[in-house]
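First up is the structure itself, then whatever we jot down about it.
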Amino acid sequence: MTEETKQDEGKLIAERRGKLNALRERGNAYPNDFRRNATADELQQTFHEHDDATLREEDVHVAVVGRMMVKRVMGKASFIKLQDRSGQIQARLERDRLAEGVYQDFKKWDVGDIVAAEGVLFRTKTGELTVLADRVRLITKSLRPLPEKFHGLADQETRYRQRYVDLIMNADSAAVFRTRSAIVAYIRAFLDAQDYLEVETPMMQTTPGGAIARPFTTHHNALDMLLYLRIAPELNLKRLIVGGFERVYEINRSFRNEGVSTQHNPEFTMLELYRAYADYEDLIDMVEALMHGMSDAVLGSTTVTYQGEEFDLGTAFPRMTVEEVILHFNPDLEASKLRDRDYLVGVCDAHGIPVRDNYGPGKLQIEIFEKTGEDNLRKPTFVTQYPTEVSPLSRCNDADPFVTDRFEFFIAGREIANGFSELNDPEDQAERFRAQAASRDAGDEEAMAFDHDYIRALEYGMPPTAGIGIGIDRLVMLFTDSPSIRDVLLFPHMRPEVFD
RNA sequence: GGGGCGUUAGCUCAGAGGUAGAGCAUUCGGCUUUUAACCGACUGGUCGUAGGUUCGAUCCCUACACGCCCCA
């Protein structure tokens, strides 16, 4: 650190740096030899029923450590609160119980420092479990002051950019990420119990596929080649179905080079799973079971409240086809003309939806569905029978090849999952890829590229399979009542901060 | 990409065309059961950046940066 930046440093940091320098002169300022014998919450749980007399009788010696979040000095005695991963525990420091000079040192310590305390448990006259310390040590000096204790850290930008401060100050925020972890753990247990194999497939690909989206590109220096960050793991996972694993899943990041919003982050987490000898209705059943079990396990209830709306995840969810949704929210439309391109173009014009020449009736249906239906699908709903035109990897419906055996799952107007019976006819798949390539040539940057190896894999024979992708971030938003995807990402994408 | 709102002390926030305030934190003093501890004293700011208007701008105008929300 240069003299200049030292001078530029705020007074508060400079004061603490002075204290750190004094510590350095007295020995190792960053020790790593303290070991606790309990966390705050373990103590709160274990001694929940003990009154002060019982605690003193049992003479419970404890060693705790954590960030000092509260410091109340009252002359020759003080109370502090130490925060660890489990919660907080109070300690009482008395000058005359501590070794000579320690209490004077302690008075120089700051809120935010990492502090260790050893002593016996008692309960204060207001009933708070407290460590009466006979030893106390400064474990790590904090050079930067924490936000104000009462209001905490409120500034959105700082909460996202300096998530570590947010996690220190806002228990609610930390709880969101514990819930996130619980959700992912529940999914793994749920799938492992059904003999699914968890796998990892490449994030850097030479041909991006498996979804309709624009990819990020990168460059491999040694091989001097263009690579894409995957937009979905789908095609690789289905290669593994060809390989015989029969039940596979991956929970990991995909990347889409699109806008950033409360619903979209450039990198996001999906569960994708594939199951041989199953169809999309088996997956609909699985989603119901998963949502039911997950809400029970994570929330302890089958009702979830999201942004003031209450949803019951304990029952079977209604199913509607895409065309039924369109007619439901546009009752003036004529059901018999829903596949008539000219008619649909007129509907799009009426809603201000831009139409391109290469849009067929299926694409037009989806545009109308997204514009008029999606937001209104509040209660958990399965929407089925997506047009073949917009479902290049899905198996056509046997009775009505205009649509596929596909569904999406909506809650609160948001797509949570997308699943279908997989297209395993290599010749049909090649034809669909050619159609995608054509619209790509026509200027649609989101259209899929022709993946020759994927066709080759299908030519070896992929068993009839159903697959699904579930957006983990959106699921976590739902279960934690978070309005923005940034609230459920530890480090959401931000424009770079300017350091001057 | 378009629109709206925001950016003031470490944090949470007031404020007004005449060079800036509170609470908490910091610093100093007091206090051996506190709970946003309390009591007393003090300290702390190129008011996001750059231009413009004005006798004078942190306030009005313009552009830019960053953030939040809505729309595409």
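Quick notes on this one:
- Computed log₁₀ I(q)/I(0) - Debye formula, equal Cα scatterers, no solvent, the range A:335-409, q 0.13, 0.20, 0.23 Å⁻¹: -0.40, -0.92, -1.13
- Peptides A:446-457, A:17-28 ordered by average Cβ neighbours within 10 Å, highest first: A:446-457, A:17-28
- Zone of A:D481's modelled label, taken as backbone nitrogen in the range A:297-335 under 11 Å from a point 7 Å along Cα→Cβ: A:304-310
- Estimated from helical segments only, the mean residue ellipticity of chain A at 222 nm is -10000 deg cm²/dmol, where each DSSP H run of four or more residues counts as -39500 (n - 2.57).
- Ranking by accessible area, most exposed first, for A:V488, A:V260 with a 1.4 Å probe: A:V260, A:V488
- Area of A:M204 that stays accessible when all protein chains are in place (1.4 Å probe, Å², to 10): 110
- Inter-probe distance in nm under a simple model that places probes 7 Å from Cα toward Cβ, at A:R85 and A:M69: 1.6
- Along its principal axes, the range A:236-374 has C-alpha extents of 46, 42, 34 angstrom, given from the largest down.
- Using only side-chain charges placed at the Cβ, +1 for Lys and Arg and -1 for Asp and Glu, the dipole size of the range A:9-146 relative to its Cα centre rounds to 880 debye.
- Legend: distances between Cα atoms for A:K11/A:K71; A:K11/A:K76; A:K238/A:K379; A:K337/A:K379; A:K19/A:K149; A:K19/A:K71; pairs beyond 25 Å are A:K11/A:K76; A:K238/A:K379; A:K337/A:K379.
- Taking GluC sites (Glu not before Pro) across the range A:254-337, the ones in a DSSP loop with at most 15 further Cβ atoms lying within 10 angstrom of their Cβ are A:E258, A:E334.
- Semi-axis lengths, largest first, of the ellipsoid equivalent to the range A:1-160 are 30, 19, 14 Å, with √(5λ) applied to each eigenvalue of the Cα gyration tensor.
- In this structure, A:Q45 and A:H493 have a Cβ-Cβ separation that, at R0 = 41 Å, corresponds to a calculated FRET efficiency of about 0.60.
- Contour excess over end-to-end distance, with Cα ends at A:T54 and A:S301 and 0.36 nm allotted per residue: 85.3 nm
- Rounded FRET efficiency, nearest 0.05, which uses the C-beta distance separating A:E370 from A:T140 and R0 of 60 Å: 0.70
- Sparse-neighbour loop sites [trypsin sites (Lys or Arg not before Pro); the range A:83-173; at most 15 other C-beta within 10 Å; DSSP]: A:R85, A:K107, A:K108, A:K125, A:K149
- Zone residues, the range A:383-412, relative to A:N358, backbone N less than 20 Å from point 7 Å out along Cα-to-Cβ: A:387-394
- Working from Cα pairs under 8 Å separated by at least six residues, relative contact order for chain A is 12 percent.
- Distance in nm between pseudo-label sites at A:T315 and A:H328 (7 Å out along the Cβ direction from Cα): 1.3
- Rounded to two decimals, the Cα-based Rg/Rh of chain A, with Kirkwood Rh, is 1.09.
The values are calculated or read from the model by the stated rules, or taken from the named source; none is laboratory data. Please read all numbers here as calculations on a predicted model, not as lab measurements. Neighbour counts are summed over all protein chains in view; Cβ atoms, including those assigned to glycine, are modelled from backbone coordinates with ideal geometry. Please note that ligands, DNA and RNA were not included when accessible areas were found on the heavy atoms of the full protein model with its side chains. Shrake-Rupley method; radii C 1.70, N 1.55, O 1.52, S 1.80 Å.
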